[in-house]
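The values are calculated or read from the model by the stated rules, or taken from the named source; none is laboratory data. This one's a predicted model, so the numbers in the text were calculated from it and none came from an experiment. Positions of Cβ are backbone-derived with ideal geometry, glycine not excepted, and every protein chain shown enters the neighbour counts.
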Amino acid sequence: MNNNNTVRVAPGTLNGIWYKSGARVLRERYRRTVQVNRERAAALVADKTANFPVIYTLSPILEKEGLAKHLPPHAKHAMRIVGMKSGDGKRAERYGSLLCDDNLSPEPDGESLKWIITTGSEWDGPSGGHDEYDAAIDAAVALFCDGYDDHDVMKTTADLIYRRNRKGQNIHDIVWGFYKTANPNTLSYLANHLTSENELDAQLTVKLMSFDDPGTKQGRQKLKTEYLQWLSENRPYLYATGEHFNATSVPYSVRHDREAKLLKHEIEPRFRSPKKPLDENEYQTLLKHRAEGKANDND
């Protein structure tokens, strides 16, 4: 999230100060507010519309002044994750305790994770490189994709992956989290980058999808067309393999289940399990198919 005066935000809010003047001015003005009107300072950070970069930027002041307790639950979840990813166990524990004081679980819910990702992914963090802020985003993506599937979140995550790659930043952890849903709409969004005018984006797409790069615009266009056709035919049978760049240089993160396709039986992509139980006829068909496969293996 770069300062952008064209973004429409209410003047005088924390987001408004952030967009107009940046992190340094935000900290300075908030410190002054704390000194002259703590009630106003508490109300500002209790505002549920404040973005993740804003809360992260102010968090040292909030913790020092005892104002973190006024944060809304999603912001407390976010800062607990920051503490965990930075290795600051005491910080994570403090925010966990604040959540317990609100009678809430310290484990983040889907809305909190979505808030972290959608409001926080446009900012590169305080260092401009991969730091605890970025690690918290990565963790939120992985946690979200473990239990949820949301088009806005996945598109935001994909855009973040490409942006980080253009800057030469680490993307392995966020890619691993991203692929957990095996969402066909997300895969088609990636495939469309094969014909991007940005060569780095096109090359990254080839790598993410474990393709052999044709190396030409015409070849990539043909590859995209063929892949989108394959995706259309196999989308009910896709599953996430769990392969990732931290384990192999060519991960096949998504595959299709041939047996599910044989039975025309949609599967849950996270667990490679049927969405409804097999009936007796389907079960017998599956057994016959497996027996024929073993016989062929022994030929």
Next on the checklist: Any residue at all in region 98-109 that's within 15 Å of the chain's Cα centre (by Cα), surrounded by fewer than 24 Cβ atoms within 10 Å (Cβ to Cβ) and not basic (Lys, Arg)?
Outcome noted: yes
Item to check | Candidates ASP201, ASP173, ASP159, filtered to the one that is of a type in the set (D, E, K, R), under 22 Å from ASN246 (Cα atoms) and in contact (Cβ under 8 Å) with a residue 40 or more places away in the chain | outcome: ASP173
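Yes or no, residue by residue, for (1) modelled with pLDDT under 90; (2) within 19 Å of GLU122 (Cα to Cα):
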position: TYR162; (1), (2): no, yes
position: LYS167; (1), (2): no, yes
position: PRO184; (1), (2): yes, no
position: TYR189; (1), (2): no, yes
position: THR195; (1), (2): no, no
position: GLN203; (1), (2): no, no
position: LEU208; (1), (2): no, no
position: ARG220; (1), (2): no, no
Checklist entry - Just to be sure, is ILE137 over 22 Å from GLY66 (Cα atoms), β-branched (Val, Ile, Thr) and in contact (Cβ under 8 Å) with a residue 60 or more places away in the chain? => result no
Item to check | region 276-291 - residue that is among the acidic types (Asp, Glu) and under 38 Å from the mean Cα position of the chain (by Cα) and, of those, surrounded by the fewest Cβ atoms within 10 Å (Cβ to Cβ) | outcome: ASP279
Checklist outcome for this item: Those residues of region 64-93 which are closer than 13 Å to LEU104 by Cβ and surrounded by fewer than 19 Cβ atoms within 10 Å (Cβ to Cβ) amount to LYS69, PRO72, PRO73
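Looking at region 227-253 only, could you name the residues that are under 15 Å from VAL206 (Cα atoms) and either free of Cβ contacts under 8 Å to residues at least 40 places away in the same chain or not in a loop (DSSP other than H, G, I, E, B) (or both)?
Selection gives TYR227, LEU228, SER249.
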Checklist entry - Which condition number in (1) closer than 14 Å to TYR179 by Cα; (2) touching a His at 6+ places or on another chain (Cβ under 9 Å) is the one that ALA240 fails? => result (2)
Item to check | Elements of type helices (runs of 4 or more DSSP H) in region 1-52, at least 3 residues being charged (D, E, K, R), at pLDDT 95 or above and surrounded by fewer than 18 Cβ atoms within 10 Å (Cβ to Cβ) | outcome: 23-36, 38-46
Next on the checklist: surrounded by fewer than 15 Cβ atoms within 10 Å (Cβ to Cβ) and either more than 23 Å from the chain's Cα centre (by Cα) or on the phi > 0 side of the Ramachandran plot (or both): which single residue out of ASP213, ASP257 fits that description?
Outcome noted: ASP213
Checklist entry - Does region 177-197 contain at least one residue that is over 17 Å from ALA78 (Cβ atoms), without any contact (Cβ under 8 Å) to a residue 12 or more places away in the chain and part of a loop (DSSP other than H, G, I, E, B)? => result yes
Item to check | Among the residues listed as LYS114, LYS90, LYS76, the single one being among the charged types (D, E, K, R), over 14 Å from the mean Cα position of the chain (by Cα), at pLDDT 95 or above and outside any loop (DSSP other than H, G, I, E, B) | outcome: LYS76
Item to check | Complete set of residues in region 97-111 that are within 21 Å of THR157 (Cα to Cα), part of a helix (DSSP H, G or I) and not acidic (Asp, Glu) | outcome: GLY110
Item to check | Residue among GLN229, GLN203, GLN169 that is touching a Gly at 6+ places or on another chain (Cβ under 7 Å) and not small (Gly, Ala, Ser) | outcome: GLN169
Item to check | Leading residue by the ranking (surrounded by the most Cβ atoms within 10 Å (Cβ to Cβ)) among those in region 118-140 that are assigned to a loop (DSSP other than H, G, I, E, B) and acidic (Asp, Glu) | outcome: ASP124
Checklist entry - Got a number for residues in region 152-175 being surrounded by 15 or more Cβ atoms within 10 Å (Cβ to Cβ) and part of a loop (DSSP other than H, G, I, E, B)? => result 3
Checklist outcome for this item: Filter region 141-150 for residues that are part of a helix (DSSP H, G or I) and surrounded by fewer than 21 Cβ atoms within 10 Å (Cβ to Cβ); the one that is farthest from the chain's Cα centre (by Cα) is GLY147
